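First comes the structure, then the notes that go with it.
Only the coordinates and a few stated rules stand behind these numbers; no lab work does. Remember, predicted model here, so these are calculated numbers, not experimental data. All Cβ positions, glycine included, derive from the backbone under ideal geometry; neighbour counts span all protein chains shown.
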Amino acid sequence: MKVLLVGNGAREHIIGKSVKRSSKNPDLAVFASAHNPGLMELAASYQIGEMSDKTAIIDFAQRQKVDWAIIGPEACLAQGLVDDLEQAGIMAVGPSQALAQIETSKSFARELFKEYHIPVNPEFMIFDSPDGVEEWLDHLRGQFVIKPDGLTGGKGVKVAGDHFKTMNEGLEIIRQLLDLGQRVVLEEKLIGQEFSLMTFTDGRHAVHLPAAQDNKRALAGDLGPNTGGMGSYACADFSLPFLTPDDIKAAQKINEQVIDALKSKTGRPYRGILYGNFIAVNKGVKIIEYNARFGDPEVMNVLTVLRSDFTDICQGIIRGNLDKVKVYFENAATVCKYLVPAGYPLNPVKDVTINVGAVDQQKVDIYYAAVDQKKDGLYLTGSRAVALVAKHPDLFAAEKIVEAEIDKVIGPLQHRRDIGTPKLINSRMESLKKIRS
Ligand code: AMP
Ligand code: GLY
């Protein structure tokens, strides 16, 4: 078996490792835009190219005679890579361009939930011009969120109170977007606790993964700008400390409803990973957004505890018989922390080397992200650099293990010490308790 893997972040590193762990001894053909040392070690062939170059990716896949493909980054899904691979006779884990709209268009997603009566929307309206914007913002009483209608790498959304303080500041941001011809979704600001629940699906059957919580703010105490995600944790019971069993059941059912709605809307089954970014609110759960791929860093929590053969799951997704695949997860907690360049995300240092050589890989797994392996060392390229992941029956023990190993990494890096600590988790439990009381 030979598998094409597209992408070169930490997400793809653990996907590659999970493929290689299969008892079927598959070979990996990796198409990447940088030299990820972890993936290079796993890959039988490693091709450097642009993620946007579909022709080069398909050409590589055909030369390598891959049996199937798995796509990491959303940008590739947005460009219809899966459609083109299929045209070339290569089936992929990942949705077609039309189905990926669940992530690539916030307005498509909100309208879909509305049309199919899936009760997860905040109040929202979609605007292509300033007409009616002020009235809508008045209606939302200034508590609103501005979402450009496209992929923004987790950095385009602006939230009242966080990114702008007054109605006028918000209006200015909206005007600038509309002037650029950008469609915007203006929605009610939801108050609660966010969590991620991902589902494997072949478009007809669903297998839910353990819930995880990402930490998007750059600095401890949930301060600083939003990032791609600074780290994440997941618990041994597959739920999260602040959630009730009903919250988890509701989130699972919502993912199933969305899978059905996508099939009705497009006429085609969604094959891949559906990632719900939920928020537990006063009553039940709502949706912040959907992603059409594994969450990064959450993938490092869920695949670390996957006990089944990952390639069986992938083939079940592709063949439409996911119901025939037995999927097991280990009851263990995981903590994943990213080391990011000093100054990330606004002014990250780059083109300097880091050294992870002293990290004890018996204790944690290392996943490489925005780094480039050159002859003289491992270079920062400006985004999240490496992730360290520990697994332990006890969540707080896992957190301590990660911290101890992070201390051994050398370079101009920063990370969030508070992710997975009792203090942060208790504050989240207290905060939701207050909202729900
Ligand atoms: P996104 O790029 O959609 O992941 O949004 C980035 C972040 O903005 C989310 O993780 C939330 O913290 C926040 N956000 C997005 N939509 C809302 C909303 N309706 N209410 C409150 N926060 C939101
Ligand atoms: N964990 C955030 C993302 O993958 O988009």
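Couple of notes before you dig in:
- Shape of region 1-119, Cα gyration tensor, a/c cut at 1.5: prolate
- Shown for His13, His163: other C-beta atoms within 10 Å of each C-beta, ranked fewest to most, produce the order His163, His13.
- Model label sites at Ile48 and Lys400, defined 7 Å from Cα along the beta-carbon direction, differ in position by 4.3 nm.
- Theoretical ellipticity at 222 nm over the chain - DSSP helices of four or more residues, -39500 (n - 2.57) apiece, nearest 500: -9500 deg cm²/dmol
- Tensor-based shape of the chain (alpha-carbon gyration tensor, a/c under 1.5 rounded, otherwise prolate or oblate): rounded
- Comparing mean-square fluctuations of Val302, Val389, Val185 from a GNM of the chain with C-alpha springs under 10 Å, the top value falls on Val185.
- In a reduced charge model with +1 at each Lys and Arg Cβ and -1 at each Asp and Glu Cβ, the chain shows a dipole moment near 820 debye about its Cα centre.
- Assigned charges on the beta-carbon of Lys, Arg, Asp, Glu; region 176-302 dipole about Cα centre (debye): 420
- For the listed residue pairs Lys24/Lys337; Lys106/Lys326; Lys375/Lys400; Lys24/Lys326; Lys106/Lys324, the alpha carbons are over 22 angstrom apart in Lys24/Lys337; Lys106/Lys326; Lys375/Lys400; Lys106/Lys324.
- Shown for Lys375, Lys114, Lys216, Lys147: other C-beta atoms within 10 Å of each C-beta, ranked fewest to most, produce the order Lys375, Lys114, Lys216, Lys147.
- When the Gaussian network model of the chain links Cα atoms closer than 10 Å, the mean-square fluctuations of Thr353, Thr55, Thr199 top out at Thr55.
- Evaluated with a Cβ-only charge set (Lys, Arg +1; Asp, Glu -1), region 1-52 carries a dipole of roughly 280 debye about its Cα centre, given to the nearest 20.
- DSSP beta bridges fully contained in the chain are about 80 percent antiparallel.
- Glu330 paired with Arg307, simple spin-label distance in nm, labels 7 Å along Cα-to-beta-carbon: 0.9
- Most mobile listed residue (Tyr46, Tyr233, Tyr328) in the chain, GNM with C-alpha springs under 10 Å: Tyr328
- This ranking places Cys76, Cys314 by how few other beta-carbon atoms lie within 10 Å of each, fewest first, which gives Cys76, Cys314.
- Top positive-direction residue, dipole computed over region 199-344 with Cβ charges, set Asn331, Thr311, Val258: Val258
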